[in-house]
1. Please work out the FRET efficiency for the pair Glu112 and Lys82, using the Cβ-Cβ distance as r and a Förster radius of 41 Å; give the result to the nearest 0.05.
2. Placing +1 on the Cβ of each Lys and Arg and -1 on the Cβ of each Asp and Glu in the range 43-146, which of Gly52, Gly81, Val103 has its Cα farthest towards the positive end of the resulting dipole?
3. Which value, in Å² rounded to 10, gives the accessible area of Asp86 with a 1.4 Å probe and all protein chains present?
4. Of Arg79, Arg84, Arg144, which has the most accessible area and how do the rest follow, probe 1.4 Å?
5. Considering only the other residues whose Cβ falls under 12 Å of the Cβ of Ile118, what net charge follows from Lys and Arg at +1 and Asp and Glu at -1?
Amino acid sequence: MRKVLAVFAALSVSACSTGISKLPGVNAPSSTAQPPAARPAQPAQPATPPPGAFRSAPIQNAAGLDGVIGQRAGSLTQRFGKARIDLTEGDARKLQFLGSGCVLDIYLYPREERGEPIATHVEARSLSDGEDTDRARCIREVERER
């Protein structure tokens, strides 16, 4: 047992004595160290907004969505009729419209703090199997069947 303790103690001491001297800048002669003013400037880290701070939602850019993206809820309900689902959570809003063969989800977010939400994202799926479907086709279908 004493041999095991002696080996453990020797390994512990050797690990401590060799590891520290290998760290950059530790135990280095002061003549080789750069003074703080001569060190190269570090690039500034991007500012991360604090939790709960407003962040503007990205706007979806896809073919066939130009009449929907950027619109307010009132314009969308005027175009597509009464929403099947009108859900508000925080500053976000979701409007869902139903066509004979598809479900159209339009997501609205404000572009500035305390601003009115506008459509920034559109999703469409097939009624029969729930698979993604062509958004522009679903928009035309819901509008036609209004």
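1. After rounding, the FRET efficiency stands at 0.90.
2. Most positive-ward Cα: Gly81.
3. 80 Å²
4. Heavy-atom accessible area, descending, gives Arg144, Arg84, Arg79.
5. Numbers: positive: Arg72, Arg93, Arg111; negative: Asp91, Glu112, Glu116.
Once all neighbours under 12 Å are counted, the net charge is 0.
The values are calculated or read from the model by the stated rules, or taken from the named source; none is laboratory data. Keep in mind it's a predicted model, so treat the numbers as computed, not measured. For neighbour counting, all protein chains shown are included, and Cβ atoms are generated from backbone atoms with ideal geometry for every residue, glycine included. Quick note on the areas: whole protein, heavy atoms, side chains included, nothing else; ligands and nucleic acids left out. Shrake-Rupley method; radii C 1.70, N 1.55, O 1.52, S 1.80 Å.
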